[in-house]
1. If you average the C-alpha positions of the range 311-383 and of the range 188-262 separately, how far apart do those two centres end up, in angstrom?
2. How much of the accessible area of the chain, probe 1.4 Å, is carbon plus sulfur, in whole percent?
3. So what's the angle, to the nearest 10 degrees on a 0 to 90 scale, between helix 3-15 and the longest Cα principal axis of the chain?
4. Send over the semi-axes of the chain's equivalent ellipsoid, whole angstrom and largest first, taken as the square roots of 5 times the C-alpha gyration tensor eigenvalues.
5. May I ask you to list the GluC sites (Glu not before Pro) in the range 231-313 that are in a DSSP loop and have at most 11 other Cβ atoms within 10 Å of their Cβ?
6. Given only helices, namely DSSP H runs of n ≥ 4 each adding -39500 (n - 2.57), what is the per-residue ellipticity at 222 nm of the chain, to the nearest 500 deg cm²/dmol?
7. Among DSSP beta bridges lying fully in the chain, give the percent that are antiparallel, nearest 5.
8. What residue among P126, P281, P349 shows peak mean-square fluctuation when the chain is described by a Gaussian network model with Cα springs under 10 Å?
Amino acid sequence: MKNDEIKKLLSDEEKRLINVFTDIDDTCMYYSEKVLSAMQRCGLTEACFNETTGYGYNDLGRDVIEAIYKDIFESEDAIVRNQFVSGSHALSVTLFALLRPGDLLLSISGSPYDTLHEVIGIKENPSSLKSFGINYDQIDLLNNDFDYDRIKEYLTNHEVKVIEIQRSKGYSTRESIIIEKLEKVIKLIKEIDSNIIVMIDNCYCEFVEKVNPIQVGADIVVGSLIKNLGGGLAPNGAYVVGKKELIDLVGERLTLPGEGREVGPTLGVNKQILQGLFFAPSVVASSLKTAVLTAKVMEKLGYKVSPKAEDKRADIVENIEFNSPEKLIKFVQGIQAGSPVDASALPLPWDMPGYTDQVIMAAGCFTQGSSIELSCDGPLREPYIAYMQGGLTYEYGKLGLIKAIEFLTKID
Ligand SMILES: *Cc1c(COP(=O)(O)O)cnc(C)c1O
């Protein structure tokens, strides 16, 4: 297909999406107001952009950032740090902070995110939780929902310390978990044993729905700053929000027992973290519109997509099923060619550490590995699904999609 032809297809399909886009705009307005008033209430001043070095004692900006996150999530406490290398690191720190030898960790959303396999010890690693005598078990989802009966039975017969729930689908074909389902399962868990710590991997889900996991009873919630809440500006880092006593434990594990959250130099990133958060509602809305349009257009072109354009969404990820390795590769290469950075690089499938199948990735991003910027990847296995997400602006999202369709249709 030629560029003009694709542009016409996009604008025709876009016209059918007015209602979906209106809902996205409404959520964007809701969170914009929430972010703005949190910044005002928490006393954000220019002095917060100053940096600390060395130990990082008395970092005003860091304290205000954490107060703002606490306010937005309506949580008891928050830790938001550039010392978290990534979302995966924050998830690992949180698990090590909450669990002790002999404790039992249970996942009720099936296999956790790939990078957690060595953390937990599903895949052997001499530094895993398992190596410290921490046990793990999992209950798979059933027809895209929690297996309520098995969960109930399991919890009645086992003493579980932490339940981990991953909302976004990762490299699986299941649906991501919307807040209503989360609410229902947390209620069930708490009815059986209110002491079980419910921990949520919230990556990709922030600012998509109006209610967040803390508001439906989650004890602790973890996410990455090179995804939704970093707004494309945060250079790295992650956040953990939740009960104060749990956030204290996370702080003690991230730095050292005794110093905890009192230390941690921000080295000049406060302004980027804050400005990124300021942009986040709009960046998430742009990513959602890019995903919705992609769903509509790719379905029109005959591909199976998930979620569909009009489906309720929990995250910003769009799956496109190609049923052909060549088509998956071409589409991903097109996304790379439509990127602002490294547009001339040609991505090829490679053996990524920690993954079983070869993976192909397009990431022409300003921040390495940032997947709130338009990015697309997929494992080379049947049914050859591309996982596409991000888009700092809707316009750049559309331009990336146009290039991907150009590449894809060249081989038809
Ligand atoms: C991206 C992601 C992570 C890890 O975040 P990084 O910042 O990339 O390490 C964990 N869980 C889920 C569901 C994710 O999508």
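The values are calculated or read from the model by the stated rules, or taken from the named source; none is laboratory data. All values derive from a computational prediction rather than experimental measurement. Neighbour counts are summed over all protein chains in view; Cβ atoms, including those assigned to glycine, are modelled from backbone coordinates with ideal geometry. All accessible areas refer to the heavy atoms of the entire protein, side chains included, with ligands and DNA or RNA removed. Shrake-Rupley method; radii C 1.70, N 1.55, O 1.52, S 1.80 Å.
1. 27 Å
2. 51 percent
3. In the chain, helix 3-15 runs at an angle near 60 degrees to the longest axis.
4. Numbers: eigenvalues 226, 133, 84 Å².
In descending order the semi-axes read 34, 26, 21 Å.
5. Details: sites: E245, E252, E259, E262, E299, E310; in loops: E259, E310.
Answer in residue order: no site qualifies.
6. -13000 deg cm²/dmol
7. Antiparallel: roughly 65 percent of the beta bridges in the chain.
8. Between P126, P281, P349, it is P126 that shows the largest mean-square fluctuation.
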